[in-house]
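Peer 1: Below: one structure in structure tokens.
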Ligand SMILES: [Ca+2]
């Protein structure tokens, strides 16, 4: 069944019914669960305990930190159980219980492939192309907001070109040893300990951090160099057993936690450069709460080319979905299209920071997404009160597109114009 092939084995997320939550065990923790003996699982709802014990449950915890959440998110829990029991069977068992309002698998999200090119587009070319308002972006008297990059993490903070102001970093990866779908296996030593170190083992998050807020020197520099970057690692390395290739996988639960954390740490903008097809209600709830609190969520539209299946989170409402163009304003052929596409930005052969000392050129809507996150950070610096719909309205109004044309599904409203957008902010 398709859903099984796109989710973590042996894990479900569920929401407890508002009426049942009164009886639900107060002591169920938010932090990573210790492996609990199945006899010790006590939710406060005896019939549910019996169902959970039949799943050979290994642990239960809250999905969100209840001190910092909303009444809805406070009712979300995550369980790990015997991975040999099918997700369909386990979810049928939980859904049958009247205390359970909603139940879903923990769907996987993939970092978008970012083919590494031989050609290089320097960040100074990108900044010229988006009409970067240098005087504004580098004015140290302005209070620049924080941009959370929920991704693979960030390289060594001593890297001379990375954002100078990332004072904190976080890691929400917690897969408790449960296997990823397909022929992949986890290929990372850090899979069960959420903590305050976002060590990047892939390079994707480091590349984006340079685009958003890299330190300016020579032809390199980020879009919002004075913004505070909060790297949050939610994606870990996996390896294909058949091809040996590695890529980045995360899960909707770890991403939802990361979005919550970004909100709690005061980020104004969240960059999400990953995707997958399956809908996650929990991930969507975390995004809705963030945007309801005035944060702006920017996501890459995907690198499948044309009208391939729409990816989450780009397709969710309240998310600004970004496609990629090359340095001549032509749509990058692999940039996905569709009715949720909002705006375009340069994303081909972008030269930015890598895990080592040398620059890396990479292409994709991930990079374009980071450019737009930077522009939104500049707009929020000018006017912190702008919410998602106000930001979206200005971006649409100011985007560069042929005269007399409007929105279309291949290039959205056009290519982001940083100067005009900041002026109107
Ligand atoms: Ca860790």
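Peer 1: What FRET efficiency do you get for residue 168 and residue 142 if R0 is 22 Å and r is their Cβ-Cβ distance, rounded to the nearest 0.05?
Peer 2: Step by step, r from the Cβ atoms, then E = 0.55.
Peer 1: Between the range 313-348 and the range 245-260, how many Å separate their Cα centres?
Peer 2: Result: 21 Å between the Cα centres.
Peer 1: Between the range 77-124 and the range 179-226, what is the C-alpha centre distance in whole Å?
Peer 2: 20 Å
Peer 1: Once a ≥ b ≥ c are taken as the square roots of the eigenvalues of the Cα gyration tensor of the range 273-425, is the result rounded (a/c under 1.5), prolate (a/b larger than b/c) or oblate (a/b not larger than b/c)?
Peer 2: Rounded, since a/c falls under 1.5.
Peer 1: If you don't mind, there's one more thing I want to ask. Give the order of 424, 63 when sorted by the count of other beta carbons within 10 angstrom, beginning with the fewest.
Peer 2: The most exposed by this proxy come first: 424, 63.
Peer 1: Hey, with R₀ at 41 Å, roughly what FRET efficiency would residue 317 and residue 42 work out to, going by the Cβ-Cβ distance, to 0.05?
Peer 2: Taking R0 as 41 Å, the efficiency between residue 317 and residue 42 is 0.60.
Peer 1: Here's something else I'd like to know. Using helices alone, I'd like the mean residue ellipticity at 222 nm for the chain: each DSSP H run of four-plus residues gives -39500 (n - 2.57), total over residue count, nearest 500.
Peer 2: The per-residue figure over the chain is -7000 deg cm²/dmol.
Peer 1: Right, here's the next one. For residue 382 and residue 329, compute 0.36 nm times the residue count separating them, minus their Cα-Cα distance, and round to one decimal in nm.
Peer 2: Length difference between fully extended and current span is 16.4 nm.
Peer 1: Now a separate question. Report the rotationally averaged projected area of the chain based on its alpha-carbon convex hull, in square nanometres.
Peer 2: About 19.6 nm², averaged over all directions.
Peer 1: Multiply the residue gap between residue 405 and residue 88 by 0.36 nm, knock off their C-alpha separation, and tell me the result in nm, one decimal place.
Peer 2: Gain on stretching residue 405 to residue 88: 109.4 nm.
Peer 1: Could I ask something else about it? Ranked from highest to lowest mean number of other Cβ atoms within 10 Å per residue, what is the order of the peptides 206-219, 175-188?
Peer 2: 206-219, 175-188
Peer 1: What FRET efficiency would be calculated for the residue pair residue 193, residue 102, taking the C-beta separation as r and a Förster radius of 25 Å, to the nearest 0.05?
Peer 2: FRET efficiency, residue 193 to residue 102: 0.35.
Values in this text are rule-based calculations from the coordinates and carry no lab data. Small disclaimer: the values here were computed from a predicted structure and weren't measured. Neighbour counts are summed over all protein chains in view; Cβ atoms, including those assigned to glycine, are modelled from backbone coordinates with ideal geometry.
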